[in-house]
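Student: Submitted below is the structure of interest, expressed as C-alpha cells.
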C-alpha cells in the first residue's frame, strides 16, 4: 500500500470513529418520554409490528386484511417473525433494523429466540430502557411530535408534568391545516371563539391557540405533514391559516415552520397506518414561502426521491430554508447515500443529513447505526476529494464538521 493509500485509509478510519463518537440531536421523531405513559412504544413486539413490517408481511401472508387488525400486538409480532424472519431471510431494511437493534442491545440474534428477546425487554422499566437506548445510540436529545388534537396526548399537557429534559417538543398541527372543518369544532370546545369562515376574529383566535401551545410545550418548531398536491399560494383554508396564523406566530416566537411534503394518505385503506404512499410534489411552493416570508424560518423534507435535486437547488437560494433528513420511504441506506452526496456537493455542510422518524424507542438504535455508517462513508469520500487538492485536515476540523451535521446545524438554525 502506498503512502497516499495509507493516508486515505487513516482518514477514513478517523471519520468513521468521529462520526460514531459524536452525540446526536434527533430533530424529528414520534417518540415520547416515559412521562407520557403508554404513548412511549418500546420492546421487540413493537419493533416487529411497526407499520413498515406489517405492510411487508401482508405481501407474503394470505391473512385477510381485516383479520390482521383483530390480532393482539404479540400475535402480529409472531406473524411477522414467522413470515419475514424464519420463512425467508430478513434482508429488507426494516427487518435488518430489528436485528441491528437487538444485536446492539446485547441480544443474540443468531439464536432466533423470540421468547428470550421478549424476556429481556420485560425485565426493563421504561425509564431504565430510555437510558439504555440513549447510551447505545449515542443520543444527546430528541424532538418529539406532539399533537394537541390527539385525545390521549391533549389531557397530559393540560394537566402538566415534569418532562425528561432530553425530550423536546414540536407542535404538530396537521388537523388544523388539513382538516379545518372538523378542527374548528374542537377549538370551540376548548374555549377559542372561532368560526369556519376564517374572519379576522377567528384568525386572531387561531393565533392565540398556537401561541398558547408553543408556550405550554416549549415547542422548538411547528410542523405539518402535507400531501403531494400542496401548493402556496392558493385560495383555501390551509393557505389562509399558514399565511395569516402559522407564519406570524412562528415569527413572534422565532421558531421554524417544518413542512414534510409528499405523503399520499391511505393509498390502501385496508392497511390502516401502513397504507400511506408517496407522490411527486411541487418545490415551487417551498420557494414561494421562502421568498414571500424572508423573516420566517422553514425546515423542509420531501418524500419523493424525484424532488430531492430541485429541493437542493431551492436551498442554495434561500438561507431561511433548512433541509433535513431522508424521510420515511427515503430512510434506506442506498437512498440516504445518494441524497447525502447530492446535498454535500450542492450545499456543503449546511444541511441536517438525517433524522430517525422513529415511532418505537428501540428504532433509534438501528436507524442511527445505519445512517451514521452512510454519513461517515460519504463524508470520508468528500474529505478524500478535498485532500487530493492538497488541502490538509486535522481531527479537530472533522470533529467540528460532524458536530454540525449531527445536531449543531439544527440548533444554530433554531436559535438564529
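Rule-based calculations on the coordinates, nothing more; no lab input. Quick caveat, the model's predicted, so the values are computed rather than measured. Reconstructed Cβ throughout: ideal geometry from the backbone, glycine too, with neighbour counts over all protein chains shown.
Student: For the chain, with a Gaussian network of springs between Cα atoms less than 10 Å apart, report the residue from 226, 114, 171 with the top mean-square fluctuation.
Tutor: For the chain, modelled as a Gaussian network with Cα springs under 10 Å, the answer is 114.
Student: I would also like to ask the following. Taking the alpha-carbon centroid of each part, what is the distance from the stretch 176-222 to the stretch 98-167 in angstrom?
Tutor: Each part reduced to its Cα centre gives a spacing of 31 Å.
Student: May I ask for the Rg/Rh ratio of the stretch 1-87, computed from Cα atoms with Rh as the Kirkwood radius, given to two decimals?
Tutor: 1.25
Student: Distance from a point 7 Å along Cα→Cβ of residue 291 to each backbone N in the stretch 260-280: keep the residues under 14 Å and list them by number.
Tutor: Under 14 Å, as judged by backbone N against the label point of residue 291, lies no residue of the stretch 260-280.
Student: Considering Cα pairs under 8 angstrom that are at least six residues apart, work out the relative contact order of the chain and quote it in whole percent.
Tutor: 22 percent
Student: Given R₀ = 41 Å, FRET efficiency for residue 396-residue 328 by Cβ-Cβ distance, to 0.05?
Tutor: 0.70
Student: Sum -39500 (n - 2.57) across every DSSP H segment of at least 4 residues in the chain, then divide by the residue count to get the 222 nm mean residue ellipticity, nearest 500.
Tutor: Per the formula, -14500 deg cm²/dmol.
Student: Cut-off 10 angstrom, C-alpha nodes, Gaussian network model of the chain. Which of 338, 135, 66 fluctuates the most?
Tutor: Residue with maximal mean-square fluctuation among 338, 135, 66: 66.
Student: In terms of the Cα gyration tensor, with a ≥ b ≥ c the square roots of its eigenvalues, is the stretch 244-362 rounded because a/c is under 1.5, prolate because a/b exceeds b/c, or oblate?
Tutor: Oblate, because a/c is 1.5 or more while a/b does not exceed b/c.
Student: Please give the FRET efficiency for residue 131 paired with residue 188, using the beta carbon to beta carbon distance and R0 = 51 Å, rounded to the nearest 0.05.
Tutor: The computed FRET efficiency comes out at 0.75.
Student: If you take every DSSP beta bridge whose two residues both sit in the chain, what share of them, in percent to the nearest 5, is antiparallel?
Tutor: Beta bridges within the chain, antiparallel portion: roughly 10 percent.
Student: Can you give me the distance in nm between label points at residue 316 and residue 20, each placed 7 Å from the Cα along the Cα-to-Cβ direction?
Tutor: Result: 3.5 nm between the two label points.
Student: Report relative contact order for the stretch 180-282 in percent, whole number only (criteria: Cα-Cα under 8 Å, sequence separation at least 6).
Tutor: 26 percent
Student: What residue among 55, 304, 402 shows peak mean-square fluctuation when the chain is described by a Gaussian network model with Cα springs under 10 Å?
Tutor: Result for the chain, Cα springs under 10 Å: 55 fluctuates most.
Student: For the stretch 1-98, what is the relative contact order in percent, using Cα pairs closer than 8 Å and at least 6 residues apart in sequence?
Tutor: Numbers: 40 pairs, mean separation 24.0, N = 98.
24 percent.
Student: Something else: Quick one: pull the percentage of alpha-carbon pairs in the stretch 282-331 with a separation above 13 Å.
Tutor: The proportion of pairs with Cα distances above 13 Å equals 52 percent.
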